[in-house]
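Readers should treat all values here as calculations from the given coordinates under stated rules, not as data from a laboratory. Since this is a predicted model, take the numbers as computed values, not measurements. For neighbour counting, all protein chains shown are included, and Cβ atoms are generated from backbone atoms with ideal geometry for every residue, glycine included.
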Amino acid sequence: MIAHVSGVVAEKFNGSLIIDVNGVGYEVVVAFSDYEKATLNEQVKLYTHHHVREQSQELFGFSALAAKKLFELLITVQGVGPKAAISILSIDESEAVRNAIASGDATFIARAGGIGKRIAERVVVDLKEKVGMPLRYDNSSLTGMSQSINHSDEALEALMALGYNLADATRALEGVPTDLSTADRVTQALKA
C-alpha cells in the first residue's frame, strides 16, 4: 500500500497530477480543489489511497489526511466507487462535504457529476452517523460552541494518526481554541 507521495508536480491533466518522486512519476487522481492548488514544479505531499482492481491500479491523492479518510468512508457506500467519491469531494472543500453528509443534505451531494439523487441519499443515510456532528454557521460567525474545523488542521490529523476516526476527532476538537499550538490542542482534545 502506498500511504503518501512526496515530490514535485511534474504535470497536470484531466484531474490528475504526475508527481515526480526521485525520478519516478506517479499519476495521482485528485479532487478539484487539490488540482487547482497544485502548481507545476512545486513540492507537494499527498496522502494516497491505492485502489487495485483486476484490470488496473490507481492512486487517489489528498492534501489532507481527513479528506483521505472521508474518501475511504465514501467508497464503502454501495454504488460509490473511487471516481464517484472523488467527484463528491470535488463539489467543495472536504469539510463542506462532511458537513453536508452530517446535516443530511443529499441535494448538496447530488451536485457531484455522475451522482444521482438515489446514490446521494444512500451516501447520507450510510455515513451520517460516521462523519460526526454538523457544524452550524450563522452567516460569517459560528453559533454555539461549534468551531470551524479545518481538514488540513494538524491537530485533527494528529488525532486521526492516534487512531481516532474522522467523526471522533472532529468531535474531540469542538470547543478547543484554534489559537493554541497543535500539541496543546491535541492535549485538550484528549482530556475532553
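So which residues in the range 27-56 are part of a strand (DSSP E or B), closer than 21 Å to A84 by Cα and in contact (Cβ under 8 Å) with a residue 24 or more places away in the chain, if there are any at all? Let's see the steps before the verdict.
Restricting attention to the range 27-56, the residues satisfying the condition of being part of a strand (DSSP E or B) are 27-30, 43-52.
Imposing the further condition that a residue be closer than 21 Å to A84 by Cα reduces the set to 27-30, 46-52.
E27, V28, V29, V30, L46, Y47, T48, H49, H50, H51 - these are the residues of the range 27-56 that are part of a strand (DSSP E or B), closer than 21 Å to A84 by Cα and in contact (Cβ under 8 Å) with a residue 24 or more places away in the chain.
Taking the residues in the range 106-126 that are without any contact (Cβ under 8 Å) to a residue 40 or more places away in the chain and surrounded by 18 or more Cβ atoms within 10 Å (Cβ to Cβ) as candidates, determine which candidate is nearest to A167 (Cα to Cα).
Ranking the candidates gives V124 first.
Among the residues of the range 4-52, just one is hydrophobic (A, V, I, L, M, F, W, C), loosely packed, with under 14 Cβ neighbours inside 10 Å and closer than 18 Å to F71 by Cα, namely V52.
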